[in-house]
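Below is one structure, written out as structure tokens, with a few remarks after it.
The values are calculated or read from the model by the stated rules, or taken from the named source; none is laboratory data. From a predicted model like this one, the values you see are computed outputs, not experimental measurements. A quick note on method: Cβ atoms are made from the backbone with ideal geometry, for glycine too, and the neighbour counts reach across all protein chains shown. Keep in mind that these areas ignore ligands, DNA and RNA; they rest on the heavy atoms of the full protein, side chains included. Shrake-Rupley method; radii C 1.70, N 1.55, O 1.52, S 1.80 Å.
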Amino acid sequence: GDRRDRTFTGVQDGGHHLVLLAENMTGWENLLYLCSEAYLTGFYFKPRMDREILEAHSEGLIAISGHLGSELAHPMVEYEQSKDQAAWDKAVEAAQWHARTFRGSDAGPGFYVEIQHHIGLQNSINPHLIRLARELELPLVCDNDSHFLMEDDHDAHDTLICISTGKVKSDPSRMRYPEELYVKGPEEMRELFESETYNNEAFGRTMRRWSWSRRPRSSPCPSTRTRRSRAI
């Protein structure tokens, strides 16, 4: 919707997640502008952007669709649960809009479809995201929702969460993050996504076509890049 709309809905985090990366100085300047306007004209509980402002300031930016909180994943979850064609069509519309808005450059594509391997709900929609990327000829990126740097940092991060939420570690109902949410390297990511979880023909064909480095924009093969993937 309109970032300036302040209609109360009872939901404090009513927006979608989208990862934006600056590819060059134009992208950096656009990113600064978008962040500022998200606070100045879009703030409602949290800073927000909308399609209008993204369309006007997309040059030099690379967009990655986001995890379960994204505009693309939301209808995919609905499609997984209901197999409603309308939900699939909504996901297609969202992907096509992002692809038109973030057009990329001679260096490569401007919009990537994101898949992660974490909780069951995310894993269940990954085959649909792969199918969508193949049908629309969009590149894929495998990434990890990283909340701490090293695997050994989990306990320190867990302690920090307890402090920030006013809970003790012995509380069974407190917020907990999975131990796997650290920054993984390319080989570890490859092993993760080639696990038996995706041991099917369609995914196998896609994996064989993937490259773990960025390809030129003219390449027909989806490309992947790993990143520290906190959604912006």
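Could you tell me how many of the residues in segment 140-153 are under 13 Å from the mean Cα position of the chain (by Cα) and either in a loop (DSSP other than H, G, I, E, B) or surrounded by fewer than 20 Cβ atoms within 10 Å (Cβ to Cβ) (or both)?
Count: 3.
Residues in segment 59-87 that are open to solvent by 10 Å² or more (accessible area, probe 1.4 Å) and in a helix (DSSP H, G or I): 74, 77, 78, 79, 80, 81, 82, 85, 86. Looking at (1) open to solvent by 50 Å² or more (accessible area, probe 1.4 Å); (2) over 25 Å from residue 22 (Cβ atoms), which is the one condition that is false for residue 137? Going through the list (1) open to solvent by 50 Å² or more (accessible area, probe 1.4 Å); (2) over 25 Å from residue 22 (Cβ atoms), residue 137 breaks only (2). Selection of segment 45-58 for residues being open to solvent by 30 Å² or more (accessible area, probe 1.4 Å) and outside any helix (DSSP H, G or I) yields 45, 46, 47, 48, 49, 57. The residue that is least open to solvent (accessible area, probe 1.4 Å), counting only those in segment 1-44 that are aliphatic (A, V, I, L, M), under 21 Å from residue 59 (Cβ atoms) and out of contact with any strand residue (DSSP E or B) (no Cβ under 8 Å at 6 or more places or on another chain), is 38.
Inspection of segment 156-175 identifies no residue that is within 15 Å of the chain's Cα centre (by Cα), at pLDDT 95 or above and open to solvent by less than 20 Å² (accessible area, probe 1.4 Å). The set of residues in segment 59-69 that are within 23 Å of residue 129 (Cα to Cα) and of a type in the set (Gly, Ala, Ser) comprises 63, 65, 66, 69. In summary, residue 118 fulfils each of the numbered conditions (1) touching a His at 6+ places or on another chain (Cβ under 9 Å); (2) part of a loop (DSSP other than H, G, I, E, B); (3) open to solvent by 50 Å² or more (accessible area, probe 1.4 Å) with the single exception of condition (3). Looking at this structure, is residue 127 open to solvent by 10 Å² or more (accessible area, probe 1.4 Å), of a type outside the set (Val, Ile, Thr), touching a residue at least 24 places away in the same chain (Cβ under 8 Å) and within 18 Å of residue 90 (Cα to Cα)? Judged against the criteria, residue 127 is a match. Beta carbons closer than 7 Å, at least 6 apart along the sequence or on distinct chains, pair a first residue in segment 147-168 that is over 10 Å from residue 179 (Cβ atoms) with a second that is of a type in the set (D, E, K, R) for 162/169; 162/174; 165/174; 167/174. Scanning segment 88-107 for residues that are more than 24 Å from residue 144 (Cβ to Cβ) and either within 18 Å of the chain's Cα centre (by Cα) or open to solvent by less than 30 Å² (accessible area, probe 1.4 Å) (or both) gives 88, 90, 92, 93, 96, 97, 100, 101, 103. Of the numbered criteria (1) assigned to a helix (DSSP H, G or I); (2) modelled with pLDDT under 95, the one residue 184 fails is (1).
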